[in-house]
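See below for the structure under consideration.
The values are calculated or read from the model by the stated rules, or taken from the named source; none is laboratory data. Just so we're clear, the structure is a prediction, and the values are computed from it rather than from any experiment. Cβ: placed from backbone, ideal geometry, glycine included. Neighbour counts: every protein chain shown. What goes into the accessible areas is simple: the full protein's heavy atoms, side chains included, and nothing from ligands, DNA or RNA. Shrake-Rupley method; radii C 1.70, N 1.55, O 1.52, S 1.80 Å.
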Amino acid sequence: MMFWRSVVGKLWFTILLLVSFVLLILTVLLLEFFENYHINETEGNLTNLASNMAHFVEDQELEIGLQISWELLDDVTGAMVIRSEDEFFYSPDIPESLELPVSFFQKDTELSKVLEQQKMAKKIVEIPSSETQGDSSILIIGVPISNLDGEDGAVYIFQSLQALHETTESTTKFILLAAGIAIILTTIFAFFLLTRITAPLRKMREAVVEAARGKFDTKVPILTRDEIGELATAFNQMGRQLKFNMNALSQEKEQLSSILSSMADGVITFNRDGTILITNPPAERFLQHWYFTQEGKPVQAEAVPHDVMELFQWAVDMEQEQVGEFSVQGRHWVVIVSPLYNNTFIRGAVAVVRDMTEERQLDKLRKDFIANVSHELRTPISMLQGYSEAIVDDIAETTEEKKEMARVIYDESLRMGRLVNELLDLARMEAGHIQLTNEPVEIDSYIQRIIRKFQGLAKEKEIEVLYEHDLKFSTTVFDPDRIEQVLTNLIDNAIRHTPEGGAVKVIAKIDDQNFHVEVSDSGSGISEEDLPFVFERFYKADKARTRGRSGTGLGLAIARNIIQAHKGDITVQSKLNHGTTFSFQIPRITG
């Protein structure tokens, strides 16, 4: 079946059918031609022979003429000379089957014309034959004879056509044999020719299959300079162009993928029905944040937030860019959805997802910075102004009242100076101008000394300050003043945010690599939305800003910069109403 469906099979069958049809027509024409040729040739020979015999019989004496005439006959030819109805002569050695009576010639309509009208006649008759077990065809030629003692006679020559049929059969067999040989040779030649013709086509088919698999460098050998060779050349050129185009597309795809992967903004590409086609890492993080908020709800793998889908539908329906902003897990996102066109119709949309949390937080920090600085400076300035006016206006009558007012003015000026100094220190640290004075420190006594500074404040608020340690080494190297500043800030914050009857715990650990300190309290804790920003300048989780519990908002920012200067890190863990734990660790350096 596969052979007949192939090009070789179809062309071979077509050529074989065409050659067979031509040979069949040619065979029929040749057989007809040879059969007619043999019959005509026999008729001509017999007619000449009969004419000669008639001349011999007319010109010679009867016996001599007959003798000469009989000698002209061959073994398969018989003759009969009729002078009258009663006088006729048969040729000697005439086959029995050819001994026809005189009445046969006289009664035959065609043959009797020779005797009656002195016209030459010829006829093929069928007579019974014992040799062939059927009728035998005989060709009879009749020629008139005149001047036979004033009477008209005739010479009839007859010959069996069996020999002619045998010759025709031999010719037919030869022609059929030649036709069979021609068909066989045609088959062999057709296979050879078609194999030669289709070999380049098979090579091209293999090359096309390889090209379909992505191997565009496959080449077709150019074996000829005809149309197939030109086709092979064109295919090779097409392969080179395809390879060039695919390489260019691959480079553009890699470049686009690199650009998308390196973008800070998320990119989500949708098709016309809203199915996600392409995302980059920032967009995947955005979707993961949203999936997290859908915990417990059935969410499809390729689902997107409802707000984003609304923007997508508006962009597709209105064919205009849509912009929206919303929050997911405390982070602010701006989504810009633009329609994508395919010639004249929209084939989808692309959404650019931008995380605006830092910008919004910077705006908030800027506003908070102005508000906090204004607030922190306004109070001492108001007190300085008020008490100084009281002194100038002699409101304070006694010396003790004047000293009390002067003391308040002094304390508030110190507070203003501390705020300004902290701002300057933080600016220098963030600019990288901090200088550390590292020295070996005995940890146990160092931390206990710092804790003792807060015993009075803790006792006043009925807060227990606990200390635990697990020190594999007793000393390590760091800047004691800077680390004391960090611990002082952490312990002070813990005591100020812990209610009466609570506890503050300080844990110190030293191992082979790090010096680790934890300061935990049982206070009000920090909300989840405030945790990422507690180390920012002027950021206060306590929105009331009560002076009794809130500082300047710079202590943790300074603490983070000091720890980073020691090549360490500081972290916070907290739950609202479950307390807070600040911990830092710095690499251990041997003195």
Across region 230-243, in residue order, what do the Karplus-derived ³J(HN,Hα) couplings come to in whole Hz, using 6.51 cos²θ - 1.76 cosθ + 1.60 with θ = phi - 60° and x for Gly and Pro?
5, 5, 4, 4, 5, 5, 4, 5, 4, x, 5, 5, 5, 4
Enter the accessible area per residue of the chain (Å², integer; probe 1.4 Å; all protein chains in place).
60 Å²
Under Stokes-Einstein, with the Kirkwood radius over Cα pairs standing in for Rh, what whole-number D in µm²/s applies to region 374-512 at 20 °C and 1.002 mPa s?
116 µm²/s
Taking region 381-425, which GluC sites (Glu not before Pro) meet the DSSP loop condition and have no more than 11 other C-beta atoms within 10 Å?
E397
Name the long-range amide H neighbours of I278: under 5 Å, sequence gap of 5 or more, or other chain; modelled H, no Pro or chain starts.
T269
Which residues among region 155-191 fall inside the zone where the amide N is under 18 Å from a point 7 Å beyond the Cα of N48, along Cα→Cβ?
157-159
Rounded to one decimal in Å, the inverse mean reciprocal Cα-Cα distance for region 189-305, i.e. its Kirkwood radius, is 18.7 Å
Compute the long axis of helix 443-452 from its Cα atoms, compare it with the longest principal axis of the Cα atoms of the chain, and write down the angle in degrees, 0 to 90, nearest 10.
60 degrees
Taking all protein chains in place and a 1.4 Å probe, what share, in percent, of the accessible surface of the chain do carbon and sulfur account for?
54 percent
Quick calc, the chain, dipole around Cα centre from Cβ unit charges on Lys, Arg (+) and Asp, Glu (-), nearest 20 debye, gives 5440 debye
What distance in nm separates the two pseudo spin-label positions at Y341 and Q106, each 7 Å out from Cα along the beta-carbon direction?
11.6 nm
Which whole-number percent is the relative contact order of the chain (Cα, under 8 Å, 6+ apart)?
7 percent
Mind listing the long-range amide H neighbours of R347? Cut-off is under 5 Å, sequence gap 5 or more, other chains count too, H placed in the peptide plane at 1.01 Å from N.
L340, Y341, N342
What FRET efficiency comes out for the pair Q313/M263, r = Cβ-Cβ distance, R0 = 41 Å, nearest 0.05?
0.95
Pop out the ³J(HN,Hα) list for region 45-60 in order, Karplus 6.51 cos²θ - 1.76 cosθ + 1.60 with θ = phi - 60°, rounded to Hz; leave Gly and Pro as x.
5, 5, 5, 5, 4, 5, 5, 5, 4, 5, 5, 4, 5, 6, 8, 10
For the chain, compute the orientation-averaged projected area of the C-alpha convex hull (one quarter of its surface), in nm².
62.6 nm²
Can you pull the accessible area of Y410 for me, 1.4 Å probe, Å² to the nearest 10?
140 Å²
Output ³J(HN,Hα) for region 209-217: one whole-Hz value per residue in order, computed from phi by the Karplus curve 6.51 cos²θ - 1.76 cosθ + 1.60 with θ = phi - 60°, and x for Gly and Pro.
4, 4, 5, 5, 8, x, 8, 7, 8
Gyration tensor on Cα atoms of region 338-449, a ≥ b ≥ c root eigenvalues, a/c under 1.5 rounded, else prolate if a/b beats b/c, else oblate, says oblate
Given a Förster distance of 22 Å, report the FRET efficiency between F473 and N421 from their Cβ-Cβ distance, rounded to the nearest 0.05.
0.05
